[in-house]
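For reference, the structure discussed in these notes is given below.
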Amino acid sequence: MAENENIQLVREIVADLNARRLDAYLQKLDEAYVGESELAPGPVRGREGARQMLEMQFRAFPDLHVEPEQILASGDHVIGRARITATHKGNFAGIPPTNKTVTWQACNVVEIRNGKVVRSRIYADNALLLEQLGAISIPRAKAAG
């Protein structure tokens, strides 16, 4: 696929996630799909693994919204940088619901073959997310002067 088609596929994926069109989203993944992120318990494998991971995310953050800020393509790879907003309404990573609204950023590196996503790797500001949920405290440097 051409780079502009790969970018369009990623835009459609984000739209599917935001509209909760889970089946439409899953059809854009290859059956051999592998997804990775720091907070996943391990690699997410195949469409069924992706479904389970997303259902868990949507239970924890029912209003989760991904706002793309930048999408770049190079050959079969697309890199998307996004701002994510959500309200913590369900258990997430062992953290009971806080009802807090959270915002964090993430970058997703996606590999596409034959019009389907075969691999994705999410790099997110999980420290900021966990801090907003009250799970950790991040020390801040004091201003000079």
Radius of gyration and Dmax over the Cα atoms of the chain, both given in Å: 16.0, 57
Relative to the longest principal axis of the chain, what angle (0 to 90°, nearest 10) does the C-alpha long axis of helix 46-60 take? 30
Helix 3-18 vs. the chain, principal-axis angle (Cα, 0 to 90°, nearest 10): 50
Please arrange VAL102, VAL118 by how many other C-beta atoms lie within 10 Å of their C-beta, fewest to most. VAL118, VAL102
Taking the chain and dividing mean pair separation by its residue count, relative contact order in percent (alpha carbons under 8 Å, at least six apart): 23
Reduced to Cα centres, the span from segment 1-74 to segment 91-115 in Å works out to 10
Selection from GLY80, ILE138, GLN70 lying farthest towards where the dipole of the chain points positive, charges on Cβ: ILE138
Could you size up the charge dipole of segment 13-145 around its Cα centre, putting +1 on the beta carbon of Lys and Arg and -1 on that of Asp and Glu, and report it in debye to the nearest 20? 200
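No lab work stands behind these numbers, since they all come straight from the coordinates. Small disclaimer: the values here were computed from a predicted structure and weren't measured. Don't worry about glycine lacking a Cβ; one is built from the backbone with ideal geometry, like all the others, and counts go over all protein chains shown.
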